[in-house]
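Everything below concerns the one structure shown next.
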Amino acid sequence: MRLHDLRHTHASIALRLGETVLAIGRLLGHADPETTLKYTHAADATVMHAAKTVGAVLGAE
């Protein structure tokens, strides 16, 4: 395992725990959110949960 791998793990865990991409980027020292998105690896289950949450708010269950 490399130190760089831990940055990806840190970003992915932070995203899963509800931190924003902007906050994670600041923690990692990124100026561009696009860079941070390359570090976060959202699981399919996480994406599905987000879609259901937003759908519930919009009444599209």
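Out of the stretch 1-53, which residues are touching a Ser or Thr at 6+ places or on another chain (Cβ under 7 Å), of a type in the set (Ser, Thr, Tyr) and in a loop (DSSP other than H, G, I, E, B)? Step through it out loud before you land on a result.
Of all residues in the stretch 1-53, those touching a Ser or Thr at 6+ places or on another chain (Cβ under 7 Å) come to 11-12, 15-16, 21, 24-25, 28, 30, 40-41.
Checking the rest, the ones that are also of a type in the set (Ser, Thr, Tyr) come to 12, 40.
If the condition is that a residue be touching a Ser or Thr at 6+ places or on another chain (Cβ under 7 Å), of a type in the set (Ser, Thr, Tyr) and in a loop (DSSP other than H, G, I, E, B), then Thr40 is the only one that fits.
Which of the residues spanning the stretch 40-58 are without any contact (Cβ under 8 Å) to a residue 12 or more places away in the chain and open to solvent by less than 100 Å² (accessible area, probe 1.4 Å)? Reasoning before the result, please.
Of all residues in the stretch 40-58, those without any contact (Cβ under 8 Å) to a residue 12 or more places away in the chain come to 44-45, 47-58.
The answer is Ala45, Val47, Ala50, Ala51, Thr53, Val54, Gly55, Ala56.
So, Leu37, is that one in contact (Cβ under 8 Å) with a residue 24 or more places away in the chain and open to solvent by less than 90 Å² (accessible area, probe 1.4 Å) or not? Outline the logic, then answer.
Details: in contact (Cβ under 8 Å) with a residue 24 or more places away in the chain: no; open to solvent by less than 90 Å² (accessible area, probe 1.4 Å): yes.
The answer is no for Leu37.
Please go through (1) modelled with pLDDT of 90 or more; (2) open to solvent by 50 Å² or more (accessible area, probe 1.4 Å) for His30 and return the number of the only condition it doesn't satisfy.
Every listed condition holds for His30 apart from (2).
Quick one: count up the residues across the stretch 1-27 that are open to solvent by 50 Å² or more (accessible area, probe 1.4 Å) and among the hydroxyl-bearing types (Ser, Thr, Tyr).
Residues in the stretch 1-27 being open to solvent by 50 Å² or more (accessible area, probe 1.4 Å) and among the hydroxyl-bearing types (Ser, Thr, Tyr): 2 in total.
The values are calculated or read from the model by the stated rules, or taken from the named source; none is laboratory data. Predicted model, so just to flag it, every value in this text is computed and none were measured. Cβ atoms come from the backbone with ideal geometry, glycine included; neighbour counts cover every protein chain shown. Protein only, heavy atoms only, side chains kept; ligands, DNA and RNA dropped before computing areas. Shrake-Rupley method; radii C 1.70, N 1.55, O 1.52, S 1.80 Å.
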